[in-house]
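Take a look at the structure set out below.
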């Protein structure tokens, strides 16, 4: 299913994203593998899916869920410094949604230095969303 994030048709990519998010923590490793591929178009969707999965695990007290959440957030964190503004914007939004006050302060500090309008727009959008 993860490979369908690279499909040329938007409707297929959107359905794949929904399915991947539904798989939850089982999708984290395949998403990580997908993100390490060179020529794929759905990397932003993969980062977004990791963020949604991490958020779904945030209230769990199970050690396996906490470990999976940490793994997902570590993968996302790698994209906060990406040269690709689309990937960086997805990472900023995903990390902000999944961060506590200290983590959000880190994102806010990064945004003070941000130059790209795509990333700034993603940050503004996630601020408007609040804690959804």
Note to self: Can you order the peptides 50-63, 116-129 by their average number of other Cβ atoms within 10 Å per residue, highest first?
What the structure shows: 50-63, 116-129
Check: Which distance in nm do the two modelled labels at residue 105 and residue 40 give, with both placed 7 Å along the Cα-to-Cβ direction?
Finding: 3.5
Note to self: Rounded, prolate or oblate for the range 22-116? Axes are the square roots of the Cα gyration tensor eigenvalues, ordered a ≥ b ≥ c, and the cut-off for rounded is a/c under 1.5.
What the structure shows: oblate
Notebook entry, point to check: How high is the relative contact order of the chain, given as a whole-number percent (alpha carbon pairs under 8 Å, six or more residues apart)?
Noted result: 19
Margin query: Under a crude label model (7 Å from the Cα following the beta-carbon direction), how far is residue 29 from residue 83 in nanometres?
Written below: 3.1
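Rounded to the nearest 0.05, what FRET efficiency is calculated for residue 61 and residue 127 with R0 set to 30 Å and r the Cβ-Cβ distance?
It comes out at approximately 0.55.
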Next item on the list: Tell me what the chain gives for mean residue ellipticity at 222 nm when only DSSP H runs of n ≥ 4 count, each as -39,500 (n - 2.57), the sum divided by the residue total, rounded to 500 deg cm²/dmol.
Entry: -21500 deg cm²/dmol
Notebook entry, point to check: What whole number of Å gives the distance from the Cα centroid of the range 10-46 to the Cα centroid of the range 60-121?
Noted result: 17
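Bear in mind that the values in this text are calculations on the coordinates, not laboratory data. In this text the structure is predicted, and so the values were computed from the model without any measurement. Note: ideal-geometry Cβ built from the backbone for every residue, glycine included; neighbour counts use all protein chains shown.
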